[in-house]
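One structure is given here, and the rest of the page talks about it.
The values are calculated or read from the model by the stated rules, or taken from the named source; none is laboratory data. Just so you know, these numbers come straight off a predicted model, no measurement behind them. A quick note on method: Cβ atoms are made from the backbone with ideal geometry, for glycine too, and the neighbour counts reach across all protein chains shown.
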Amino acid sequence: MLSAKEVAYEVTKALDSKKGMDIRLLKIDQVSSLADYFLICTGTSNTHVKTLCDHAEYTLEQLGEKLLGREGHRGNSWELLDYGSIVVHVFTQEAREFYSLERLWADAEQVDISSIIIEE
């Protein structure tokens, strides 16, 4: 059984492998009971957002994680995958700027993921 942090790292790597952009991992367990982690990522198009979510879902399924909910918004400009301990948010650039989750969750701890993602 993987810890929430290990699961978060695996799905971070999965999004990175599919060219997810500006990936941020927020540890929110101290500021919210919603989850332990929020993983936020940008896709280059609505199709890319869907591809990233499909790959994240596949990766988490392989790890034995149970999907609690998947929600899309306005033709895949934002998709959310809820796994209880981790919530994955994938946006188009415009949707990410509009919703500005990093600003909303400014009290959350930003996890340093530089060692697990490949910078372009």
Scan the range 81-108 and report the pairs whose first residue is over 15 Å from VAL31 (Cβ atoms) and modelled with pLDDT of 95 or more and whose second residue is of a type in the set (Ser, Thr, Tyr) and assigned to a helix (DSSP H, G or I), with Cβ atoms within less than 8 Å and a gap of 6+ or a chain change.
PHE91/TYR99
Sort out which residues of the range 101-120 are surrounded by 11 or more Cβ atoms within 10 Å (Cβ to Cβ) and either under 17 Å from VAL11 (Cβ atoms) or among the small types (Gly, Ala, Ser) (or both), and write them in order of number.
LEU101, ALA106, ALA108, GLN110, VAL111, ILE113, ILE116, ILE117
Only one of GLU61, GLU71 is of a type outside the set (Lys, Arg), farther than 20 Å from ILE113 by Cα, at pLDDT 95 or above and surrounded by fewer than 21 Cβ atoms within 10 Å (Cβ to Cβ). Can you tell me which?
GLU61
If I filter the range 23-46 for residues that are modelled with pLDDT under 95, more than 19 Å from ILE113 (Cα to Cα) and either assigned to a helix (DSSP H, G or I) or charged (D, E, K, R) (or both), do I get at least one hit?
yes
Within the range 59-105, strands (runs of 3 or more DSSP E) holding 1 or more residues that are in contact with an Asp or Glu (Cβ under 6 Å, 6 or more places away or on another chain) and not aliphatic (A, V, I, L, M):
69-73
